[in-house]
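What follows is one structure encoded as structure tokens, with my remarks underneath.
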Amino acid sequence: MVRARTKFIIGGVLVLGTAGYLMATSIGETGMYYLTPGELTAKVKGDSTLYDTGVKMGARVVPGTIERQPGGRAVSFRVTDGSQIIPVTYRGVIPDTFTDSVDVVVEGRYNREGTFVATTLLAKCASRYENAPDKYQSTPGYKAAKGPAA
């Protein structure tokens, strides 16, 4: 005869195991790493099926490239990671923090014409700026956006 404590332990292990499995598989399915413009163009060159596939891209807005359409809900601009520049179009609510040289994360599709058509635009909050990782501080895009050294 199996004791009640043993049944309880077996049931607990099954519940925790199932919950762990479900969490691990859902993170793998919904977690999305964002690409830089250089990574995105390299991946598309290697696999043309990535055109018109939903991705996230993180980069810095190239100064002087923001063009707002009449009505204020559509914008086009260019982003860079220092190695590659990609034009972006977006239609929707534009964040107040969206300006020249701001870091952005855009979600959408990279089309065959070489334009990233964004459905989501997130601009990094100026009050939350931190230094970029060392590996990015030497890129031309980082240096240009940061301005001349004081």
Self-check item: Segments 6-18, 90-102, 50-62 sorted - mean Cβ within 10 Å per residue, highest first
Solution: 50-62, 90-102, 6-18
Quiz item: Arg112: net charge of surrounding residues, Cβ under 15 Å, Lys/Arg +1, Asp/Glu -1, itself excluded?
Solution: 0
Exercise. List, largest first, the extents of the alpha carbons of segment 1-92 along their principal axes, each in whole Å.
Key: 77, 36, 23
Quiz item: What is segment 38-104's relative contact order, in percent, from Cα pairs under 8 angstrom and six or more apart in sequence?
Solution: 31
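Among Glu113, Glu107, rank each residue by its count of other Cβ atoms within 10 Å, from fewest to most, as a rough exposure measure. Could the numbers behind the result be given before it?
Details: Glu113 8, Glu107 17.
Ranked by crowding around the Cβ, least crowded first: Glu113, Glu107.
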Self-check item: Residue-span extension gain [Arg91 to Val13] - 0.36 nm each, minus C-alpha spacing
Solution: 23.2 nm
Quiz item: With θ set to phi - 60° and the Karplus curve 6.51 cos²θ - 1.76 cosθ + 1.60, what are the ³J(HN,Hα) couplings of segment 72-85 in order, to the nearest whole Hz, using x for Gly and Pro?
Solution: x, 10, 10, 8, 10, 7, 10, 10, 8, 10, x, 10, 9, 10
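Where a number appears in this text, it was derived from the coordinates with a stated rule and is not lab data. Small disclaimer: the values here were computed from a predicted structure and weren't measured. Here the Cβ is made from the backbone with ideal geometry for all residues, glycine too, and neighbour counts use every protein chain on show.
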